[in-house]
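K.L.:
Take a look at this one; I'll ask things after.
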Amino acid sequence: MSLNALEIKDLYKLAKKRVPKMFFDYVDTGSWSGSTYRSNEEDFKGIKFKQRVARDMTGRSMVSKMVGQNVSMPVALAPIGMCGMQYPDGEIHSARAAETHGIPFTLSTMSICSIEDVSEKVEKPFWFQLYMMRNRDFMHSLIKRARVANCSALMVTLDLQVMGQRHNDIRNDLSAPPKFNFNTIKQFISRPRWCLRMIGNRKYTFRNIMGHVDEVTNLSSLAKWTLDQFDPTLTWDDIDWIRERWPGKLILKGIMDNEDAIIASKIGADAIIVSNHGGRQLDGAPSSISVLSGIVESVKGKIEVHFDGGVRSGQDVLRALCLGASGVYIGRPYIYGLGAAGEEGVSKSIEIIKKELDLTMALCGEKSIPNIGKHNIAINPHGYG
């Protein structure tokens, strides 16, 4: 039966009905008050397009490149932890859907399916996201595993030196595998379809870590080890350490300041991602879209600038492209699809984004991605760019 969804909101509603609250909340909320999480989405609304008419719109193309790799449109699936708790083998389903549509999939360090699990089930290379951790031997082993799996880009997340205060995750006692108590059992009973799918699946924990770190032997030691590993001593010098071990494409995620962007452009990375971690780190930070144009101007074309944060439609993708992004990441939209219907849902989310991007380009009088720019924006009341 085909999935009846016309917009991302339809997938959101389905996922909310089908995924246990603790795992849905993990994706759908921000840190502290959630103000930055909300601003990421809301700040797109004031940016209005310039409509053009009487132009031949046949032969439109969204084909582009991201870090030198051909893509069917300048969109990639962002790294999201615990996809496999939204839907069994969630990372594999997401990677397959991205592969089918010709766009990159980024596997998180904190994934349920391991690098090897995903590599065995896809034909084309995917990207791998890496956190800076205290245990450099483990980091080095992750980089080696990514190379063996033929990952075509390494994405280093810079904005998680310390964990943001995520109230809902604490209230929900979030973990993978989940702890069994009255609250979690109540959630699972209310989602029988999810339970039935999960019963036949053996992947419930962070398989990039379990079995690869000697001191991690059970859920308790995994939780403690993970919290202790995020490295508050991270400096730009550590990127040199990574670059010595990773010869491929390197993307730096979490840039929200012009000065940081300029530094990143000088240290040998191939792209930066303007991102505030989906509003899940520093609450009270500006929205990603509000700083995008300034960052693009600050690096003066010396490095690709990608964008992440608050994208809920193909129109949002186009807004980010107009303000100078050369690639845009979707996170929550495809996770809603995953929670709603697995691989079919992820594929549907990509189809929705693609159709909306194509139609909006046409109504703006544009036929190809390279021609998109600030001239396509009619009103920008927030003053971006």
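The values are calculated or read from the model by the stated rules, or taken from the named source; none is laboratory data. Computed from a predicted model, the values in this text were never measured in an experiment. We place every Cβ from the backbone using ideal geometry, glycine too, and count neighbours over all the protein chains shown.
Quick grid of which residues meet (1) under 16 Å from SER152 (Cα atoms); (2) of a type in the set (A, V, I, L, M):
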site: SER61; (1), (2): no, no
site: VAL71; (1), (2): yes, yes
site: GLY84; (1), (2): no, no
site: SER94; (1), (2): no, no
site: TRP127; (1), (2): yes, no
site: SER141; (1), (2): no, no
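K.L.:
Please find, among GLY59, GLY30, the residue that is surrounded by 13 or more Cβ atoms within 10 Å (Cβ to Cβ) and assigned to a loop (DSSP other than H, G, I, E, B).
P.N.:
Being surrounded by 13 or more Cβ atoms within 10 Å (Cβ to Cβ) and assigned to a loop (DSSP other than H, G, I, E, B) holds for just one of GLY59, GLY30, which is GLY30.
K.L.:
Also, quick follow-up: I'm trying to understand the selection: among the residues of region 96-106, which are in contact (Cβ under 8 Å) with a residue 40 or more places away in the chain and under 18 Å from MET155 (Cα atoms)?
P.N.:
If the condition is that a residue be in contact (Cβ under 8 Å) with a residue 40 or more places away in the chain and under 18 Å from MET155 (Cα atoms), then ALA98, ILE103, PRO104, THR106 are the ones that fit.
K.L.:
Pick from region 62-80 the residues that are assigned to a loop (DSSP other than H, G, I, E, B) and touching a Ser or Thr at 6+ places or on another chain (Cβ under 7 Å): which of them is surrounded by the most Cβ atoms within 10 Å (Cβ to Cβ)? Don't jump to the end; show me each part of the working.
P.N.:
Within region 62-80, the first condition is being assigned to a loop (DSSP other than H, G, I, E, B), and the residues that meet it are 62-63, 67-68, 72-74, 78-80.
With touching a Ser or Thr at 6+ places or on another chain (Cβ under 7 Å) added as a condition, the list becomes 62-63, 73-74, 78-80.
Values: MET62: 19, VAL63: 13, MET73: 24, PRO74: 24, ALA78: 28, PRO79: 25, ILE80: 24.
Selected residue: ALA78.
K.L.:
Identify all residues within region 323-351 that are surrounded by fewer than 24 Cβ atoms within 10 Å (Cβ to Cβ) and over 14 Å from the mean Cα position of the chain (by Cα); write none if there are none.
P.N.:
Within region 323-351, GLY324, SER326, ALA341, GLY342, GLU343, GLU344, SER347, GLU351 meet the criteria.
K.L.:
Out of region 278-316, which residues are under 15 Å from ARG332 (Cβ atoms), basic (Lys, Arg) and at pLDDT 95 or above?
P.N.:
ARG312
K.L.:
How many residues are assigned to a helix (DSSP H, G or I), buried (at least 24 other Cβ atoms within 10 Å of the Cβ) and not aliphatic (A, V, I, L, M) if we restrict to region 88-104?
P.N.:
Result for region 88-104: 4.
K.L.:
Filter region 26-60 down to the residues that are in contact (Cβ under 8 Å) with a residue 40 or more places away in the chain and of a type in the set (Lys, Arg), then identify the one that is nearest to ILE369 (Cα to Cα).
P.N.:
Filtering region 26-60 for residues that are in contact (Cβ under 8 Å) with a residue 40 or more places away in the chain and of a type in the set (Lys, Arg), the one nearest to ILE369 (Cα to Cα) comes out as ARG60.
K.L.:
Moving to a separate point now. For region 263-308, enumerate the residues that are out of contact with any His (no Cβ under 7 Å at 6 or more places or on another chain), within 29 Å of ARG245 (Cα to Cα) and small (Gly, Ala, Ser).
P.N.:
ALA264, SER265, GLY268, ALA269, SER275, GLY278, SER298, GLY301
K.L.:
Residue under question is SER141, and the condition is that it be of a type in the set (S, T, N, Q), farther than 16 Å from ILE80 by Cβ, assigned to a helix (DSSP H, G or I) and over 19 Å from the mean Cα position of the chain (by Cα); does it hold?
P.N.:
Criteria met by SER141.
K.L.:
Hey, could you check region 193-213 for residues that are assigned to a loop (DSSP other than H, G, I, E, B) and among the β-branched types (Val, Ile, Thr) and say which is nearest to SER175 (Cα to Cα)?
P.N.:
THR205
K.L.:
Next up: Only residues that are assigned to a loop (DSSP other than H, G, I, E, B) and either within 30 Å of SER152 (Cβ to Cβ) or of a type in the set (Val, Ile, Thr) (or both): list them for region 36-56, please.
P.N.:
PHE44, ILE47, VAL53
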